[in-house]
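The values are calculated or read from the model by the stated rules, or taken from the named source; none is laboratory data. Everything numeric here is computed off the predicted structure, so don't read it as measured data. Note that each Cβ is placed from the backbone with ideal geometry, even for glycine, and that neighbours are counted across all protein chains shown.
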Amino acid sequence: MVPLLLVLLLILILAGAGFAVKILWWFAIAVLILWLIGFVARPKTGHGRWYRW
């Protein structure tokens, strides 16, 4: 009974990690798209950087 519960717990952990990794990939893609838009649409005056650092 205990090995079965451990296997089920492992499956739940791996499924949760897979879901979290998928969400993080979508978040990283969204940030990359926003960065690229900001890079292309940067102001022509001043330093030409749209970010502070």
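Condition check ((1) at pLDDT 85 or above; (2) in a helix (DSSP H, G or I); (3) more than 12 Å from the chain's Cα centre (by Cα); (4) aromatic (Phe, Trp, Tyr)) across all residues:
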residue	(1), (2), (3), (4)
Leu6	yes, yes, yes, no
Ile13	yes, yes, yes, no
Trp26	yes, yes, no, yes
Gly38	no, yes, yes, no
Residue under evaluation Leu32, criteria (1) exposed (fewer than 10 other Cβ atoms within 10 Å of the Cβ); (2) at pLDDT 85 or above, criterion not met | (1)
